[in-house]
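Throughout, read-outs are computed from the coordinates displayed, never taken from laboratory work. Just so you know, these numbers come straight off a predicted model, no measurement behind them. All Cβ positions, even for glycine, are placed from backbone atoms using ideal geometry, and neighbour counts span all protein chains on display.
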Amino acid sequence: MSRKPSRPSSYAKYTVWPVISKYVRLLGCIKTTGTSTYGHCYTCGRKNIPFSELEAGHCIGKYGHSNTEFEEDNLRIQCNNCNDIRRGGGMVATFKAKLIAEIGQSRWDRLYYLSKKVRYWTIEELQEIKTKYEQKLDELTRSKV
Ligand SMILES: [Zn+2]
């Protein structure tokens, strides 16, 4: 299963992102329903969406904002409709308003500031991010038992 990473972008997409996505979705389920199997969409509020149908959505879109692509403050669970660029379009205005209410203006300002900086991740940096989220996922999984 494990493929040798050729470029940072493919390593990020196929190796790092699945770990982060799983962590964000599990955390979102626990926060909204207290279970690891269902969660409520952050932006439209649709309830009890199965874990497998939830997506880890970015408030500040990942395209052109690689520096905040893996920031936990930027990621919340969404239904497929809200997260779809052609349909919900990310529900950015709602997402942002809810996020500022949740994390506070100063953390939002930090996130926004970071998003404006162009970032080209190296494989080594991406491996660190992956390890960090693997640990967080592990802790979260064990805390649920
Ligand atoms: Zn939704």
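Below are the figures for this structure:
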{"quantity": "Matching entry among 138, 84 (being surrounded by fewer than 19 Cβ atoms within 10 Å (Cβ to Cβ), among the acidic types (Asp, Glu) and farther than 20 Å from residue 15 by Cα)", "calculated": "84"}
{"quantity": "Meets criteria (aromatic (Phe, Trp, Tyr), within 13 Å of the chain's Cα centre (by Cα) and within 16 Å of the ligand (Cβ to nearest atom)) for residue 42", "calculated": "yes"}
{"quantity": "Test: residue 32 is assigned to a loop (DSSP other than H, G, I, E, B), within 16 Å of the ligand (Cβ to nearest atom) and touching a residue at least 40 places away in the same chain (Cβ under 8 Å)", "calculated": "no"}
{"quantity": "Cβ-Cβ under 6 Å pairs, at least 6 apart or on other chains, the stretch 41-63 side in contact (Cβ under 8 Å) with a residue 40 or more places away in the chain, far side among the polar types (S, T, N, Q) and not in a loop (DSSP other than H, G, I, E, B)", "calculated": "41/78; 42/78; 43/78; 43/94; 59/74; 60/68; 60/74; 60/115"}
{"quantity": "Filtered residue count, the stretch 64-101, keeping only those that are part of a helix (DSSP H, G or I) and within 16 Å of the ligand (Cβ to nearest atom)", "calculated": "15"}
